[in-house]
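One structure is given below, encoded as structure tokens.
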Amino acid sequence: MNSLSAEQLDRLSTRIAERKRMLLEDVRRVLKRTSSERYADLVGEAGDAGDEAAASLLRDVSEAEIVRDVGELRDIAAAEARLAAGRYGICTDCGTVTDVKRLEAYPTAKRCIGCQQRREKTRAPSRYTGR
Ligand SMILES: [Zn+2]
């Protein structure tokens, strides 16, 4: 039982699909850039330490971008699976219907705001609990 209207579901699934297309384009663009001739020049025969550093920096930045994009694509795939299963918008932790405003702000949200906050609270501070 999903209390989102067909229209809301439609709008959110369109936004998810658009975001996915953008991310895939972004990944393609980054991959193209890192394999471009310019990049090949940088990594190539140059042999100069500065160029190698620049190439390595470029590679690190690209990897970070791809890791971020792929992480988001994974969230999108999960949201699509929930859409297909008719469970989109239903909190994966407590099973209540997630507020549509939250979904509009964050269409791939798995959890309702309450469960998300609880999760962030229990997970984040472990490293700082020295007192
Ligand atoms: Zn919940």
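The values are calculated or read from the model by the stated rules, or taken from the named source; none is laboratory data. Treat the numbers as computed from the prediction; the structure is a model and nothing was measured. Here Cβ is always computed from backbone atoms with ideal geometry, including for glycine, and neighbour counts include all displayed protein chains.
Which one is modelled with the lowest pLDDT among residues in the range 3-43 that are surrounded by fewer than 15 Cβ atoms within 10 Å (Cβ to Cβ) and outside any helix (DSSP H, G or I)? Among those that are surrounded by fewer than 15 Cβ atoms within 10 Å (Cβ to Cβ) and outside any helix (DSSP H, G or I), it is SER36. Among residues of the range 102-115 that are in contact (Cβ under 8 Å) with a residue 40 or more places away in the chain and closer than 13 Å to LEU9 by Cα, those with a beta-carbon under 6 Å from a residue that is away from the ligand (no atom under 14 Å from the Cβ) and among the hydrophobic types (A, V, I, L, M, F, W, C) at least six positions away or on a different chain give the pairs LEU103/LEU12; PRO107/LEU12; PRO107/ILE16; THR108/ILE76; THR108/ALA79. Residue count for the range 93-108, restricted to those that are near the ligand (Cβ under 10 Å from one of its atoms) and crowded, with 18+ Cβ neighbours inside 10 Å: 1. From the list ALA81, ALA64, ALA54, the lone residue that is more than 11 Å from the ligand (Cβ to nearest atom), in a helix (DSSP H, G or I), touching a helix residue (DSSP H, G or I) at 6+ places or on another chain (Cβ under 7 Å) and within 30 Å of LEU31 (Cβ to Cβ) is ALA54. If you filter the range 82-101 down to residues that are touching a residue at least 24 places away in the same chain (Cβ under 8 Å) and touching a Cys at 6+ places or on another chain (Cβ under 6 Å), you find that the one that is farthest from ARG118 (Cα to Cα) is CYS91.
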